[in-house]
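Please read the structure below before turning to the comments.
Every number here is computed from the coordinates shown, using simple stated rules; none is lab data. If you're wondering where the values come from, they're calculated on a predicted model, not measured in any experiment. In this analysis, Cβ positions are derived from the backbone assuming ideal geometry, glycine residues included, and neighbour counts consider all displayed protein chains.
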Amino acid sequence: MKKIFAILLILVFAAVFAVGCGQKQTANQQSSQGTTNAQGSAQEDAVERIKKAGKLVVGTSADYPPFEFHQVVNGKDEIVGFDIDLAKAIADELGVELEIKDMDFKSIIPAVLTKTVDIGIAGFTITEERKKSVNFSDPYLEGGQQIITYKGSGVKSKEDLKGKTIGVQISTTGEEEAKKIEGAKLKQFDTVDAAMMDLLNKRIEAVIVDFAVAQAYAANNPDKLELVGEMLDDAAKAVVLRKEDVKLLEVVNKVIKQLKGSGEHEKLVKKWFIDYKPSN
Ligand code: ARG
């Protein structure tokens with residue numbers, strides 16, 4: 001079973017590169033659009049502001065292993081994950097320190113818009129709705145939404161969710177997917193951890209999150225949780241930025257391109273999505 005997941009994951013990530021190429025056009029269009037809309041001075045400000053402050057402030061929701069999650073490292077609670085390594089690479093490129101601000105997922109885009117944080121990195125799926133208010137970087141990962149249930153729930157596919165309750169994290173694409181499931185009830189949570197707690201306690205029948213995240217929670221609770229059904233969407237993940245911050249967008253895209261070109265991206269995928277063993 002584990003092997004099947006591993007193979008599936010590899011396939012999913014292999015698709016990143018294909019999609020990455022296919023979406024170049026879209027990403028370029030996105031940035032040129034940003035350029036026309038943005039003020040020249042405002043563009044410079046984000047990069048300059050960050051350099052002046054000596055730190056890049058990244059908003060995330062650290063309830064999403066292996067994208068971002070809390071882990072005790074050398075007796076100290078730290079936020080780690082694929083997205084955090086990506087954030088580090090961006091901070092390095094800018095020559096500044098990295099500051100991670102942990103918040104509810106629904107607060108990240110508002111925090112980006114109000115400059116409470118410089119960028120958002122939290123396994124964000126690129127959506128048309130979000131594009132109305134923020135810019136997305138080029139995609140850095142690919143993945144879909146997945147149903148996770150407790151063993152013995154009787155749920156084997158999304159059709160079985162009629163009349164059942166699905167836990168979702170507020171403002172996520174998981175919530176969007178759950179809304180599409182006919183006859184299912186929704187229960188909203190600020191964090192994925194809280195949703196999973198309800199699932200483990202059998203207060204809800206399913207949770208919808210990114211595939212790799214479902215896999216991480218199931219690996220943590222192999223006797224209790226399992227993934228069921230097909231992936232519900234298949235979409236690219238990207239960094240969230242303010243539309244005005246076109247220069248910063250260029251820096252972020254440069255880093256993503258460098259990571260992919262140097263083989264570092266592949267290493268990070270292996271580190272966090274293939275070799276990663278949750279241990280909570
Ligand atoms: N990929 C989904 C979305 O963009 C879920 C992301 C949730 N991220 C998190 N760190 N909790 O809506």
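Quick look at the numbers
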| read-out | value |
| --- | --- |
| Residue list for the stretch 113-124, restricted to those being near the ligand (Cβ under 9 Å from one of its atoms) and either at positive phi or surrounded by fewer than 24 Cβ atoms within 10 Å (Cβ to Cβ) (or both) | GLY123 |
| Residue tally, condition within 13 Å of the ligand (Cβ to nearest atom) and either surrounded by fewer than 20 Cβ atoms within 10 Å (Cβ to Cβ) or over 17 Å from the mean Cα position of the chain (by Cα) (or both), over the stretch 197-215 | 0 |
| Positions within the stretch 125-147 being within 11 Å of the ligand (Cβ to nearest atom) and of a type outside the set (Asp, Glu), in sequence order | THR125, ILE126, THR127, ARG130, PHE136, LEU141, GLY143, GLY144, GLN145, GLN146 |
| Some residue of the stretch 121-132 being free of Cβ contacts under 8 Å to residues at least 40 places away in the same chain, part of a loop (DSSP other than H, G, I, E, B), out of contact with any Lys or Arg (no Cβ under 6 Å at 6 or more places or on another chain) and not hydrophobic (A, V, I, L, M, F, W, C) | yes |
| Selection from the stretch 180-193 of residues that are outside any loop (DSSP other than H, G, I, E, B) and either within 11 Å of the ligand (Cβ to nearest atom) or within 14 Å of ILE147 (Cβ to Cβ) (or both) | LYS180, LEU186, PHE189, VAL192, ASP193 |
| Selection count, the stretch 161-179, where residues are away from the ligand (no atom under 16 Å from the Cβ), surrounded by fewer than 19 Cβ atoms within 10 Å (Cβ to Cβ) and on the phi < 0 side of the Ramachandran plot | 3 |
| Unmet criterion (only one of (1) of a type outside the set (Val, Ile, Thr); (2) within 13 Å of the ligand (Cβ to nearest atom); (3) free of Cβ contacts under 8 Å to residues at least 40 places away in the same chain; (4) surrounded by fewer than 20 Cβ atoms within 10 Å (Cβ to Cβ)) for ASP77 | (2) |
| Qualifying residue in the stretch 241-264 (condition: more than 16 Å from SER137 (Cβ to Cβ) and under 18 Å from the mean Cα position of the chain (by Cα)) | no |
